[in-house]
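The values are calculated or read from the model by the stated rules, or taken from the named source; none is laboratory data. All of these numbers come straight from a predicted model, not from anything done at the bench. Here the Cβ positions follow ideal geometry from the backbone for every residue, glycine too, while neighbour counts run over all protein chains shown. Surface areas here come from the heavy atoms of the whole protein model, side chains and all, with no ligands, DNA or RNA. Shrake-Rupley method; radii C 1.70, N 1.55, O 1.52, S 1.80 Å.
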Amino acid sequence: MHVKMNDYVALENKQTYITENPLAEVQLPIDCGEGINILQIPTRWMETITDLDLERVRTYPHTPELKEKIAAYWQGCADVSRDCIFITEGSMDGIRIACRLFVERGERVLGNIPTFNAAESEIKLSGAAFDGVQLAPENNYAFDCNVFLQRLDSRHKMVFVDNPNNPTGQVIPLAEIRRIASEAARLGIGVVVDEAYGDYMAKENSAINLLDDFDNVVVLRTFSKGFGLAGMRIGYCLASGGELARALSKVTDAYSVCVFSRLMALTALGDLNFLQQVNEKAKELKDRLRAEPWRNLTVSATGEQVPIMLLSHRDSEMDLAAALAERGIKAISGLEFSGISKNSVRFRIPQEKDLAKVIEALQEVDGA
């Protein structure tokens, strides 16, 4: 029997490097794949749950104080009101919401390749074509705003940019995001900036700084990365007020995300010293990796403290993810992303306890 369903969902292959294989971590004891925080969250944060009033579990998750805390966090960057803040289940949920808001069947979305593969997949599953602007390997995969803007035209319904970029970890300057938002506004196009790794760049570089000046910008944030709450599945999206905020209120659920996650996020925003420690440690470990005198391994354009980077081997036939897996290290194969190949991996810096073993393994692969 043929069951009628959305033909894009039925026919489109979903791109994702997420695995639910319980043996994966046993087989590959050193994780340089998942984009999680490399530091243990402060144990005192757990008091939020252990001291939880169970009355809050019985009722729906009303947490206006979280939106107030988010607005206060961005004070000085934009005049964010509670009506422009929407709680989401991580930034991935924000991507789905953005697709529902902007994208219709047969339309086009402009973005980079490589980019977060699940975002590209979600756009395609919405029935749109993803118009990818290749980050040029001959330019070390650095973002070129002029090239990007040359591709933007009235055929596009949405622009999607991840900043910092996944998989390269490079930070796109706010001035260039502003240029994109300005040209898109002229054409009546919405701009979605996914800042999943945004806690690893200066707040002054966030597209949230554009919300007071533009009516076409949506910014996605998550507590999964810098704040270390990946298992809590909580994030938020911010938009300029007026028409865009009213539209977002129609496609979001005020009760999404459980009260545990909301309270943990509230606690995290009250301890910004931890976020500073995370950034300092990420930069320290990344500097040590990049300081190695690699002969065959190269690192693409990347941010100093963003914990991911695109690592490539000069031999195009090298299966870099497999070579690392043989040495007990998990990394995300370039085959998971559009625009790069098996000789590349999305590489997240390891925990400090594993750094020496990781460098030793990379030295072996580098000399292969």
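The one condition from (1) open to solvent by 10 Å² or more (accessible area, probe 1.4 Å); (2) of a type outside the set (A, V, I, L, M, F, W, C); (3) at pLDDT below 95; (4) out of contact with any Asp or Glu (no Cβ under 7 Å at 6 or more places or on another chain) that D79 does not meet is (4). Can you confirm whether R348 is closer than 23 Å to M201 by Cα and of a type in the set (D, E, K, R)? Answer is yes for this residue. Note on the range 261-358: enclosed strands (runs of 3 or more DSSP E) holding 2 or more residues that are touching a residue at least 24 places away in the same chain (Cβ under 8 Å), touching a helix residue (DSSP H, G or I) at 6+ places or on another chain (Cβ under 8 Å) and closer than 21 Å to L135 by Cα are 308-313, 344-348. Step by step: first the residues of the range 311-368, then only those that are within 20 Å of G169 (Cβ to Cβ) and among the hydroxyl-bearing types (S, T, Y), then the one that is surrounded by the most Cβ atoms within 10 Å (Cβ to Cβ). Which residue is that? Among them, the one singled out is S344.
On the stretch given as the range 201-212, residues that are open to solvent by 10 Å² or more (accessible area, probe 1.4 Å) and in contact (Cβ under 8 Å) with a residue 24 or more places away in the chain total 7.
The one condition from (1) open to solvent by 40 Å² or more (accessible area, probe 1.4 Å); (2) in a helix (DSSP H, G or I); (3) of a type in the set (A, V, I, L, M) that V171 does not meet is (2). Listed conditions (1) at pLDDT below 95; (2) within 19 Å of F223 (Cβ to Cβ) are all met by W74, apart from (1). Return the residues of the range 185-212 that are among the charged types (D, E, K, R) and touching a Lys or Arg at 6+ places or on another chain (Cβ under 8 Å); say none if nothing qualifies. Matches in the range 185-212: E195, D199. Looking across the range 131-150, just one residue is closer than 25 Å to I97 by Cβ and either open to solvent by 60 Å² or more (accessible area, probe 1.4 Å) or touching a Phe, Trp or Tyr at 6+ places or on another chain (Cβ under 8 Å) (or both), and that is V133. Looking only at residues of the range 25-45 that are in a helix (DSSP H, G or I) and either in contact with a Ser or Thr (Cβ under 9 Å, 6 or more places away or on another chain) or of a type in the set (K, R) (or both), we find that the one that is least open to solvent (accessible area, probe 1.4 Å) is W45.
Is it the case that the range 261-280 has a residue that's of a type in the set (K, R) and under 22 Å from R96 (Cα atoms)? The answer is yes; a qualifying residue exists. Among (1) at positive phi; (2) in a helix (DSSP H, G or I), which single condition is V257 missing? Result: V257 fails condition (2) only. Report yes if some residue within the range 214-237 is more than 28 Å from G303 (Cα to Cα) and basic (K, R); otherwise report no. No - not one qualifying residue is present in the range 214-237.
Quick check, is K225 over 15 Å from L66 (Cα atoms), touching a helix residue (DSSP H, G or I) at 6+ places or on another chain (Cβ under 9 Å) and buried (at least 22 other Cβ atoms within 10 Å of the Cβ)? Yes, satisfied.
Looking at E89, E68, E107, which one is open to solvent by 10 Å² or more (accessible area, probe 1.4 Å), closer than 17 Å to G198 by Cα and of a type in the set (D, E)? Let's see the steps before the verdict.
Details: E68 fails: closer than 17 Å to G198 by Cα; E107 fails: closer than 17 Å to G198 by Cα.
Just one listed residue meets the conditions, E89.
Of all the residues in the range 140-158, those that are touching a residue at least 40 places away in the same chain (Cβ under 8 Å) and out of contact with any Gly (no Cβ under 7 Å at 6 or more places or on another chain) number 9.
Evaluating A230 against the criteria (1) loosely packed, with under 15 Cβ neighbours inside 10 Å; (2) more than 25 Å from L174 (Cα to Cα); (3) among the small types (G, A, S) leaves one unmet condition, (1). The residues of the range 121-130 that are in a helix (DSSP H, G or I), of a type outside the set (A, V, I, L, M) and open to solvent by less than 10 Å² (accessible area, probe 1.4 Å) amount to a single one, S121. Within the range 268-290, being open to solvent by less than 40 Å² (accessible area, probe 1.4 Å) and under 18 Å from Y236 (Cβ atoms) holds for A268, L269, D271, L275.
The conditions of being surrounded by fewer than 19 Cβ atoms within 10 Å (Cβ to Cβ), in contact with a strand residue (DSSP E or B) (Cβ under 8 Å, 6 or more places away or on another chain), among the hydroxyl-bearing types (S, T, Y) and within 21 Å of E195 (Cβ to Cβ) are met by S256. If I filter the range 179-198 for residues that are part of a loop (DSSP other than H, G, I, E, B), of a type in the set (A, V, I, L, M, F, W, C) and surrounded by 24 or more Cβ atoms within 10 Å (Cβ to Cβ), do I get at least one hit? Yes; the residues of the range 179-198 include at least one that is part of a loop (DSSP other than H, G, I, E, B), of a type in the set (A, V, I, L, M, F, W, C) and surrounded by 24 or more Cβ atoms within 10 Å (Cβ to Cβ).
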